[in-house]
Amino acid sequence: MSIDRRTFLGVVGFSALAIAGRSSIAAPVAPPLSTRWAMVIDPRKCLKDEGCIDCIAACDKAHNVPHLPERAHEVKWIWREPFDKVFPGQSSSYTEETLKERPALVFCNHCDNPPCVRVCPTKATWKRADGIVMMDWHRCIGCRYCVAACPYGSRSFNWLDPRPHIKQLNPDFPTRTKGVVEKCNFCEERLARREQPACVVACPEKALVFGNLNDPASEVRELLRGRYSIRRKPELGTQPEIYYLV
Amino acid sequence: MRDRGIIVSGLAGFLVLITFPVWYNLAAGTTSKAPDLKRPEQEKNCVAPVAYMRTSHMELLTTWRDQVVRQNIRTFKAFDGTTYTMDLTQTCMKCHASKADFCDRCHAYAGVTPHCWDCHIDPKLVQGGRG
């Protein structure tokens, strides 16, 4: 049987089309629901009582966060900063009138594109499949590249042995040693026990909401659908996953 | 042959001196005595057979550490089918409650200083138990 060039090209073309079409149709329609942890903060609820530090105290207790006398040695997981420091591009001379001195809660943003992870030379910090920017303190060599890389100041270096400066030791969580970097871990040890993060549970106003961004029915998605939200320094492209409701 | 006495006594003195550490330890009774560990009373089974734990607990703990921290795997299925949470302070030290009477005695005897407790907390250190 002989076949001319035109027929041959036609047959090959249709076959390729059929193969391409079949693989695109046969692709799984509904991938299993994955997890992407995120936090939504409602500053209006948070600011109801400016003296409240329940979330900070709960975190410090859960994770053995030390309180060092000198500011240069400070170790912070969750803390408060003035609004204009947290959102430097967002304040005008008029918003400052009401908000300038008002504190905003800040902690690790668990970025989708974390610069701290990119610079770590030992893979002591990495992004988990569920979005948590995790640390392996066993592997940290204390080079502080991540401290320099984080545009939010979320990472603290242990300049001193933290143990003598911890008010109440929690035996179920390790302390750190001198020469190790630490930050908020989104309470991954509590998530493993299917518990909400310590700060979320501690907040009397329920100003902190934690949940799965990949689940359209989750409370965080519900809040983000209903109200406008801002993130810290989104122009840097780090894709922070802490949302502040406006 | 006139120096026989000096040579023999010199040799004897030398032998005594060179074997002194052996005599000393025998007299003190430390050579043949293995560390006396305080074993848990209520629990009979560990997460692995005793012989394995004795020689390779450090490898098991390193595997646990890597699985928990790096892979988010928290449970361990033991040789007898029991499931344990991989946790030094909450699982190991629930039975081996005293670091001083269990871990330290053997580590001191073997002359090793593992750095687990640089960060992980000996529950006995915390007054009033688990907080």
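Quick note: the coordinates plus some simple rules give every number you see, no bench work behind them. Fair warning: this is a prediction, and the values are worked out from it, not measured in the lab. A quick note on method: Cβ atoms are made from the backbone with ideal geometry, for glycine too, and the neighbour counts reach across all protein chains shown.
Taking every residue in A:43-54 and counting other chain Cβ atoms within 10 Å of its Cβ, the average works out to 0.
Partners of B:Lys124 within straight-line reach, counting lysines whose Cα lies under 20 Å from its Cα and excluding those fewer than 8 residues away in the same chain: A:Lys61, A:Lys167, B:Lys38, B:Lys94, B:Lys99.
So if we plug the beta-carbon distance of A:His67 and B:Arg74 into 1/(1 + (r/R0)^6) with R0 = 22 Å, what FRET efficiency do we get, rounded to 0.05? Walk me through the numbers on the way to the answer.
Numbers: r = 30 Å, r/R0 = 1.36.
Rounded to the nearest 0.05, the efficiency is 0.15.
Computed from the alpha carbon atoms alone, the convex hull of the protein assembly as shown holds 356 Å³ per residue.
Share of pairwise Cα-Cα distances greater than 23 Å in chain B is 51 percent (whole percent). Cα centroid separation, the stretch A:56-79 to the stretch B:1-38: 57 Å.
Note on chain B: GNM, Cα springs under 10 Å; of B:Thr63, B:Thr55, B:Thr83, the largest mean-square fluctuation is that of B:Thr55.
Relative to one another, the C-alpha centroids of the stretch A:100-121 and the stretch A:173-201 are positioned 15 Å apart.
Taking square-rooted eigenvalues a ≥ b ≥ c of the alpha carbon gyration tensor, is the stretch A:34-78 rounded, prolate or oblate, where a/c under 1.5 means rounded and, failing that, a/b exceeding b/c means prolate?
Note, shape of the stretch A:34-78 comes out oblate.
Could you work out the relative contact order of chain B, using alpha carbon pairs under 8 angstrom and six or more residues apart, expressed as a whole percent?
Working: 64 pairs, mean separation 29.3, N = 131.
About 22 percent, as a whole number.
Relative to its Kirkwood radius, the Cα radius of gyration of the stretch B:81-131 gives an Rg/Rh of 1.00. Other protein chain C-beta atoms within 10 Å of residue C-beta, averaged over A:161-174: 4. Restricting the calculation to Cα atoms, the stretch A:37-245 yields a radius of gyration followed by a Dmax of 16.7, 48 Å. For the stretch B:1-78, what log10 I(q)/I(0) values come out of the Debye formula at q = 0.13, 0.18, 0.26 1/Å, with one point per alpha carbon and no solvent? Debye output, listed in q order: -0.68, -0.91, -1.18. Summarising the label geometry, the points placed 7 Å from Cα in the beta-carbon direction at A:Trp126 and A:Gln90 lie 3.3 nm from one another.
Looking only at other chains, what is the average number of their beta-carbon atoms within 10 angstrom of each beta-carbon in B:112-123?
Values: counts 0, 0, 0, 2, 2, 2, 9, 11, 5, 10, 2, 3.
Mean shielding count: 4.
Computed from the C-beta positions of A:Cys52 and B:Lys33, the FRET efficiency with R₀ = 51 Å rounds to 0.30. Our estimate of slack between A:Tyr228 and A:Lys45, defined as 0.36 nm per intervening residue step minus the Cα-Cα distance, is 64.3 nm. How far is helix A:54-63 tilted, in degrees, relative to the longest principal axis of the Cα atoms in chain A, given as a value from 0 to 90 rounded to the nearest 10? Taking the Cα atoms of chain A, the angle to A:54-63 is about 80 degrees.
Under 12 Å from a label point set 7 Å out along the Cα-to-Cβ vector of B:Met58, the amide N atoms of the stretch B:91-121 belong to B:107-108, B:110-116.
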